[in-house]
């Protein structure tokens, strides 16, 4: 039985090798469009709430 690191490596290798390049490009394009569309749809208050939550999460991380 392989150790946990070998198992993780094999899973990641299998997951990343067999991707359709056209599907990857389409997904990337959708992500670019989706973020802008979502931002346009949100109210100013909601954007501020999301930003506040993100800032708290960043400052919570101890380095």
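Computed from Cα positions, the angle between helix 44-60 and the longest principal axis of the chain comes to roughly 50 degrees.
Estimated from helical segments only, the mean residue ellipticity of the chain at 222 nm is -28000 deg cm²/dmol, where each DSSP H run of four or more residues counts as -39500 (n - 2.57). Taking Cα atoms, how many degrees apart are the long axis of helix 21-41 and the longest axis of the chain, rounded to 10 and kept between 0 and 90? Computed tilt is about 20 degrees.
Report the semi-axes of the equivalent ellipsoid for the chain in whole Å, largest first, where each axis is √(5λ) for an eigenvalue λ of the Cα gyration tensor.
Working: eigenvalues 233, 111, 8 Å².
Largest first, the chain gives 34, 24, 6 Å.
Any chance you could give the angle, 0 to 90 degrees and rounded to 10, that helix 4-17 forms with the longest Cα principal axis of the chain? With rounding to tens, the tilt is 70 degrees.
Values in this text are rule-based calculations from the coordinates and carry no lab data. Note that the structure is a prediction, hence the values are computed from the model and not measured.
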